[in-house]
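This structure is in structure tokens; I'll ask about it shortly.
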Amino acid sequence: MAFFDRLKAGLQKTKEALIGQVNTVMSVFRKIDDELFDELEEALILGDVGVTTSTRLVEELRRRARQRGLKNGNELLPLLKELVAERLGDGIAPLNLNEGGLTVILVVGVNGVGKTTTIGKLARHLQEDRGLKVILAAADTFRAAAIDQLKVWGERAGAEVVAGPEGSDPAAVAFDGVKVARERGADVLIVDTAGRLHNKAHLMDELGKIARVLGREVPGAPHETLLVLDATTGQNALQQTKLFRETVPVTGIALTKLDGTAKGGVVVAITDTEQVPVKFIGVGERLDDLQPFDPKQFAEALFAE
Amino acid sequence: MFESLQERLQEAFKRLRGKGKLTESDVNEALREVRLALLEADVNFRVVKSFVNRVKERAIGQEVLETLNPAQMVIKIVYEELVALMGGENVGLNMADRPPTIIMLCGLQGAGKTTHAAKLALKLKKEGKKPLLVAADVYRPAAIKQLEVLGSQVGVPVYSEGDQVSPVDIAARAVEHAAQERRDVIIVDTAGRLTIDDELMAELQQIKERLKPHDTLLVLDAMIGQDAVTTAEHFHGKLGIDGVILTKLDGDTRGGAALSVREVTGRPIKFVGVGEKLDALEPFHPDRMASRILGMGDVLTLIEKAQEQVDRKQAEEMAKKMLKAQFDFEDFLEQLRALQRMGPLQDILKMLPGVGAQLKDINVDEKELKHVEAIILSMTPKERRNPDIINVRRRERIARGSGRPIAEVHRLIKQFEQARKMMKQLGGMEKMMKRGKMPRLPGGGFGGLFGRR
Ligand SMILES: Nc1nc2c(ncn2[C@@H]2O[C@H](COP(=O)(O)OP(=O)(O)OP(=O)(O)O)[C@@H](O)[C@H]2O)c(=O)[nH]1
Ligand SMILES: Nc1nc2c(ncn2[C@@H]2O[C@H](COP(=O)(O)OP(=O)(O)O)[C@@H](O)[C@H]2O)c(=O)[nH]1
Ligand SMILES: [Mg+2]
Ligand SMILES: [Mg+2]
């Protein structure tokens, strides 16, 4: 399947609900009136875009519709798509790689969002699609059987996993990861971390320490800090992004579970206020269920038939 | 991001000082803010709509109570409606008349099923039951191992057959196994699944058919957004759930899902998960959840939590003193130490009314607490008991004694006075709550005491 089709297929269910509503709005020939704008706003809110950003988007939509002298209700959808895509950034945001040296990718997020799974998928992508040698570090030493889980993914993706004993210092595992990655001449080290709620200062400090150790061992590391967000999450994802950014330099977002009924619209609010690009989307539990995030296609797939 | 609803309503009602009956325009104005607050709390759009309409109907024409203004009156009604909607009394597990009781957990990926299977097992074990955990997630890598590790942590056996066997068969044989081993509660952990995954939803239906569980619980992440409604509707529609466990409430989410899920399933939320540790399971309290969704803090939980740590009588004394604003620096010192014992201060502060909104920029610096302690310890016992006598000369001495700058001493005393005032208002509020009246809260909150980032 071509990329665009795959993206569309992955987002099919995601978009259905939203499309459904937008379509009922659009299908009937309608004048542009307050009611129509209200319905569009409702569709955005139901997609988890959030009330603030939805209101702002609809205000902007009104302004532009007026500017362009639009008359028909069905002219609004393409415009709204444009606006959403605009907010999502311009073009595909690439992974930050440390050309010619060891790239360190740190993966962070709250509990259960899909960090470990995403790492498995990312390792496959980097090795198979890009020909890079990847090592994984199991720095989630807290959750029961988290290390075994990563090892299974490592096996599936064909990447070696560096691990310490359960309950050991995660920063020490990260340190070992760097050492082994160097010994093996690997190109990329991906560090898995335990899920932590962003409002727990002691856990965030622990995360800061992991990042510092990595930075000490490899200049410029972590080169990429991926914050994993679950598409089912509501407005709290904004808070997650804000607070994780206070501890680690988040350079990208991976938005998971878009294969479900949730729409993940909160990323529109996030990219709007936090200026962190979404880089990947997760569309399933299999090894190849990871897609690069393309703002235009995302907005398109979100609204298109 | 979230101002407290009270603050916003107070703002909206600055002009409306009318007493008497609530007019339609009073109510509309207030409900606009309520609607925003609920949406920001992730209550589903449609649920908000019907809820707000209900409140409106009830509110218009109501007598505004003597001590309240229209804004407070509307909040009171909203609060009461929220509590009513989320179910009056707390509901526990459905236990079988004749053992074994069978409990089945289901939910989306990563919601907290496995963890809560273990938490329930621990709780039941403490109550003298003999639970058995069943590993029926054969899909997620290391899911069985995870349950086995958690099982051994709580000292409860785990029944598993590896990941090459159908979960339906595993669950069925687990029941036989439980009979042989005389286990009287069976807790089945299932794999996370999407509601649109027909195959996996059918699998759950089969397990349910075979086992006829006494309690089928949907495990739901409290951070879930608008999709809560779809998720709850589908699990309930296809499976018929008996209740809900709302997890990760130790985060800072408002948890509007609680309202959505209750509205669309009519099933009670039975427990909430408040941490990764296996004893972090609490019964669900609709009143506290209502306060949380509205951003009103959670005085009740705070008081209860304090009681766990401080001896009960001592806590009551303290609370009484605090609420009457009689508490002095000695009490404060004790309180500070008790607070430190209670765990992460953020968690505690969050429960105080009026603090929630400011909490985002509060960083409770343990070092700063030490400084506060040092300053108080440099006061004479007499000064501690009568803060009013601490004049400038005394302050200078205290600064020298504690090695802290004088400005810090000034600040502490000022903040102490403010806190005292706030406590007094809290006291008033507690009385009002008892009489069914809602308070007006000060904006400053407790936050200042601990410094900001
Ligand atoms: N902070 C916090 N974390 C929790 C809570 N409940 C579960 N977790 C964490 O959330 C993550 C997912 O929990 P699991 O119990 O594995 O969830 P699950 O539903 O079994 O997940 P799958 O089997 O992958 O679908 C783990 O990191 C848990 O430690 C809670 O109440 N608070
Ligand atoms: N449907 C779906 N499930 C996912 C996706 N990503 C992860 N998961 C599942 O979500 C659950 C939690 O994932 P995990 O990687 O353990 O999360 P972590 O705790 O953040 O490391 C697991 O059951 C995964 O299989 C996705 O994109 N789609
Ligand atoms: Mg993990
Ligand atoms: Mg599980």
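The values are calculated or read from the model by the stated rules, or taken from the named source; none is laboratory data. Computed from a predicted model, the values in this text were never measured in an experiment. Cβ atoms come from the backbone with ideal geometry, glycine included; neighbour counts cover every protein chain shown. What goes into the accessible areas is simple: the full protein's heavy atoms, side chains included, and nothing from ligands, DNA or RNA. Shrake-Rupley method; radii C 1.70, N 1.55, O 1.52, S 1.80 Å.
Taking the options A:298, A:280, name whichever one is away from every other protein chain (no Cβ under 14 Å) and open to solvent by 10 Å² or more (accessible area, probe 1.4 Å). Reasoning before the result, please.
Values: A:298 fails: open to solvent by 10 Å² or more (accessible area, probe 1.4 Å).
The conditions single out A:280.
Which fully enclosed strands (runs of 3 or more DSSP E) of the stretch A:181-275 have 1 or more residues being more than 16 Å from ligand 4 (Cβ to nearest atom) and of a type in the set (S, T, N, Q)?
Filter on the stretch A:181-275 gives A:188-193, A:224-230.
Open to solvent by 10 Å² or more (accessible area, probe 1.4 Å), within 27 Å of residue A:47 (Cβ to Cβ) and charged (D, E, K, R): is that true of residue A:245 in this structure? Before you say what the answer is, go through the steps one by one.
On the way: open to solvent by 10 Å² or more (accessible area, probe 1.4 Å): yes; within 27 Å of residue A:47 (Cβ to Cβ): yes; charged (D, E, K, R): yes.
Considered against the rule, which asks whether it is open to solvent by 10 Å² or more (accessible area, probe 1.4 Å), within 27 Å of residue A:47 (Cβ to Cβ) and charged (D, E, K, R), residue A:245 comes out as yes.
Could we say that residue B:179 is away from ligand 4 (no atom under 16 Å from the Cβ), hydrophobic (A, V, I, L, M, F, W, C) and within 14 Å of chain A (Cβ to nearest Cβ) here? Working first, answer last.
Details: away from ligand 4 (no atom under 16 Å from the Cβ): yes; hydrophobic (A, V, I, L, M, F, W, C): yes; within 14 Å of chain A (Cβ to nearest Cβ): no.
Spelling it out, it is not the case that residue B:179 is away from ligand 4 (no atom under 16 Å from the Cβ), hydrophobic (A, V, I, L, M, F, W, C) and within 14 Å of chain A (Cβ to nearest Cβ).
Within the stretch B:122-136, is there a residue that is within 13 Å of another protein chain (Cβ to nearest Cβ) and among the acidic types (Asp, Glu)? Steps first, answer last, please.
If we filter the stretch B:122-136 for residues that are within 13 Å of another protein chain (Cβ to nearest Cβ), which is where we start, we get B:133, B:135.
From what's left, among the acidic types (Asp, Glu): none.
No, because not a single residue in the stretch B:122-136 is within 13 Å of another protein chain (Cβ to nearest Cβ) and among the acidic types (Asp, Glu).
Then there's this: Condition first: touching an Asp or Glu at 6+ places or on another chain (Cβ under 6 Å), open to solvent by less than 10 Å² (accessible area, probe 1.4 Å) and more than 14 Å from ligand 2 (Cβ to nearest atom). Now tell me which residues in the stretch B:100-114 satisfy that.
If the condition is that a residue be touching an Asp or Glu at 6+ places or on another chain (Cβ under 6 Å), open to solvent by less than 10 Å² (accessible area, probe 1.4 Å) and more than 14 Å from ligand 2 (Cβ to nearest atom), then B:103 is the only one that fits.
Exactly one of (1) open to solvent by 10 Å² or more (accessible area, probe 1.4 Å); (2) within 29 Å of residue B:149 (Cβ to Cβ); (3) away from ligand 1 (no atom under 16 Å from the Cβ); (4) touching a residue at least 40 places away in the same chain (Cβ under 8 Å) is unmet by residue A:254. Its number?
Single failed check for residue A:254: (1).
Let me ask another. Looking at (1) within 14 Å of another protein chain (Cβ to nearest Cβ); (2) farther than 24 Å from residue B:270 by Cβ, find the lone condition where residue B:53 falls short.
Evaluating residue B:53 over (1) within 14 Å of another protein chain (Cβ to nearest Cβ); (2) farther than 24 Å from residue B:270 by Cβ leaves (1) as the failure.
Sticking with this one: Please enumerate the residues belonging to the stretch B:146-162 that are within 11 Å of another protein chain (Cβ to nearest Cβ) and either within 16 Å of ligand 3 (Cβ to nearest atom) or surrounded by fewer than 17 Cβ atoms within 10 Å (Cβ to Cβ) (or both).
Answer for the stretch B:146-162, where residues must be within 11 Å of another protein chain (Cβ to nearest Cβ) and either within 16 Å of ligand 3 (Cβ to nearest atom) or surrounded by fewer than 17 Cβ atoms within 10 Å (Cβ to Cβ) (or both): B:146, B:147, B:149, B:150, B:152, B:153.
Please work out if residue A:142 is within 14 Å of ligand 1 (Cβ to nearest atom) and among the hydrophobic types (A, V, I, L, M, F, W, C). Talk me through it step by step, then tell me what you get.
Numbers: within 14 Å of ligand 1 (Cβ to nearest atom): yes; among the hydrophobic types (A, V, I, L, M, F, W, C): yes.
Taking the combined requirement at face value, the residue satisfies it.
Looking at (1) away from chain B (no Cβ under 14 Å); (2) in contact with a helix residue (DSSP H, G or I) (Cβ under 7 Å, 6 or more places away or on another chain); (3) over 28 Å from residue A:92 (Cβ atoms); (4) surrounded by fewer than 22 Cβ atoms within 10 Å (Cβ to Cβ), find the lone condition where residue A:178 falls short.
(4)
Which residue, of B:117, B:136, B:121, B:143, is within 10 Å of ligand 2 (Cβ to nearest atom), in the same structural domain as residue B:271 (by TED's automatic domain parsing), open to solvent by less than 30 Å² (accessible area, probe 1.4 Å) and among the aliphatic types (A, V, I, L, M)? Talk me through it step by step, then tell me what you get.
Working: B:117 fails: within 10 Å of ligand 2 (Cβ to nearest atom); B:136 fails: within 10 Å of ligand 2 (Cβ to nearest atom); B:121 fails: within 10 Å of ligand 2 (Cβ to nearest atom).
B:143 is the lone residue from the list that is within 10 Å of ligand 2 (Cβ to nearest atom), in the same structural domain as residue B:271 (by TED's automatic domain parsing), open to solvent by less than 30 Å² (accessible area, probe 1.4 Å) and among the aliphatic types (A, V, I, L, M).
Could you check the stretch A:260-271 and list, in sequence order, the residues that are within 13 Å of chain B (Cβ to nearest Cβ) and on the phi < 0 side of the Ramachandran plot? I'd like the intermediate steps shown before the answer.
Step one: list which residues in the stretch A:260-271 are within 13 Å of chain B (Cβ to nearest Cβ), which gives A:260-270.
Matches in the stretch A:260-271: A:260, A:261, A:262, A:263, A:265, A:266, A:267, A:268, A:269, A:270.
Can you tell which of A:123, A:144, A:137 is assigned by TED's automatic domain parsing to the domain that holds residue A:200, in a loop (DSSP other than H, G, I, E, B) and either within 13 Å of ligand 3 (Cβ to nearest atom) or buried (at least 24 other Cβ atoms within 10 Å of the Cβ) (or both)? First the steps, then the outcome.
Values: A:123 fails: in a loop (DSSP other than H, G, I, E, B); A:137 fails: in a loop (DSSP other than H, G, I, E, B).
Of the residues listed, the single one that is assigned by TED's automatic domain parsing to the domain that holds residue A:200, in a loop (DSSP other than H, G, I, E, B) and either within 13 Å of ligand 3 (Cβ to nearest atom) or buried (at least 24 other Cβ atoms within 10 Å of the Cβ) (or both) is A:144.
Something else now. For the stretch B:336-431, which helices (runs of 4 or more DSSP H) that fit wholly inside it have 2 or more residues that are at pLDDT below 85?
Details: elements: B:345-350, B:356-359, B:366-377, B:381-385, B:392-402.
Correct list: B:345-350, B:356-359, B:366-377.
Pick from the stretch B:254-277 the residues that are open to solvent by less than 40 Å² (accessible area, probe 1.4 Å) and within 16 Å of ligand 2 (Cβ to nearest atom): which of them is farthest from residue B:123 (Cα to Cα)?
Once the filter is applied, the top-ranked residue is B:275.
Which condition number does residue A:288 fail, the rest of (1) outside any helix (DSSP H, G or I); (2) open to solvent by less than 10 Å² (accessible area, probe 1.4 Å) being met?
The single condition residue A:288 does not satisfy is (2).
Read through the list (1) within 16 Å of ligand 3 (Cβ to nearest atom); (2) under 30 Å from residue B:197 (Cβ atoms), then give the number of the only condition that residue A:210 fails.
(2)
Looking only at the stretch B:182-201, count every residue that is among the aliphatic types (A, V, I, L, M), within 21 Å of residue A:262 (Cα to Cα) and within 16 Å of ligand 4 (Cβ to nearest atom) and tell me the total.
Of the residues in the stretch B:182-201, the ones among the aliphatic types (A, V, I, L, M) are B:185-188, B:191, B:194, B:196, B:200-201.
In the following step, the residues that additionally are within 21 Å of residue A:262 (Cα to Cα) were identified as B:191, B:194, B:196, B:200-201.
Adding the requirement that they be within 16 Å of ligand 4 (Cβ to nearest atom) leaves B:191, B:194, B:200.
Count: 3.
Against the definition (under 24 Å from residue A:93 (Cβ atoms), touching a Ser or Thr at 6+ places or on another chain (Cβ under 9 Å) and open to solvent by less than 30 Å² (accessible area, probe 1.4 Å)), how does residue A:226 come out, yes or no? Walk me through how you get there before you give the answer.
On the way: under 24 Å from residue A:93 (Cβ atoms): yes; touching a Ser or Thr at 6+ places or on another chain (Cβ under 9 Å): yes; open to solvent by less than 30 Å² (accessible area, probe 1.4 Å): yes.
When the stated conditions are applied, residue A:226 passes them.
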